[in-house]
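Everything below concerns the one structure shown next.
The values are calculated or read from the model by the stated rules, or taken from the named source; none is laboratory data. Quick caveat: nothing in here was measured; it's all calculated off a predicted structure. When we count neighbours, we look across all protein chains shown, and the Cβ atoms used for this are built from the backbone with ideal geometry, even at glycine.
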């Protein structure tokens, strides 16, 4: 009976003693987990670098900086953090193992990555004779203002602008904004514009202005 009572006390008291030891160790700065936060900037202008990949080396843990270069995630002491972004040289940082609290902040500087491209010659026509023949057939106006007015026609510019698709940089920026929004609202419901008075005010204003009318 006494042996059974002793085992029962050990089972119930061991978690309390373990938690107490962990709490003392955390207060003494002997913990492992660290809230690692900071901002990634350019080395020349100190402008923030958006959508930088911050990954713990040789693992799948990490995050991506937001549009303003800010990041924050849970890491461990002595972790090697790798920072990488398109157009910049990668950088490594080791979280110190002598921290006195569970938070650590960093301003990480990345340097521009210079890429030298090979010289490429672009020829609009297969031969010089074909180019000369096409050039002589052109009827260019002699007045510079006529050419400027034709090139700067508002209707032509508007048509080109509305029909122009996003380039690679804009597509990358859009996709990273969508990914950052998912990270921002992770674990919670995204905002619902049905209950947003500002969105309703914009909708009513656009409806009064006839923006939703079908154009012929």
task = For residues that are surrounded by fewer than 19 Cβ atoms within 10 Å (Cβ to Cβ) and either part of a strand (DSSP E or B) or touching a helix residue (DSSP H, G or I) at 6+ places or on another chain (Cβ under 6 Å) (or both), tally how many sit in the range 64-82.
result = 8
request  = State yes or no: is residue 30 more than 22 Å from the chain's Cα centre (by Cα), at pLDDT 90 or above and either surrounded by 10 or more Cβ atoms within 10 Å (Cβ to Cβ) or within 30 Å of residue 173 (Cβ to Cβ) (or both)?
outcome  = no
ask   = Of the residues 23, 61, 47, which is closer than 29 Å to residue 100 by Cα and modelled with pLDDT of 50 or more?
value = 61
ask   = Condition test on residue 168, is it at pLDDT 75 or above and in contact with a helix residue (DSSP H, G or I) (Cβ under 6 Å, 6 or more places away or on another chain)?
value = no
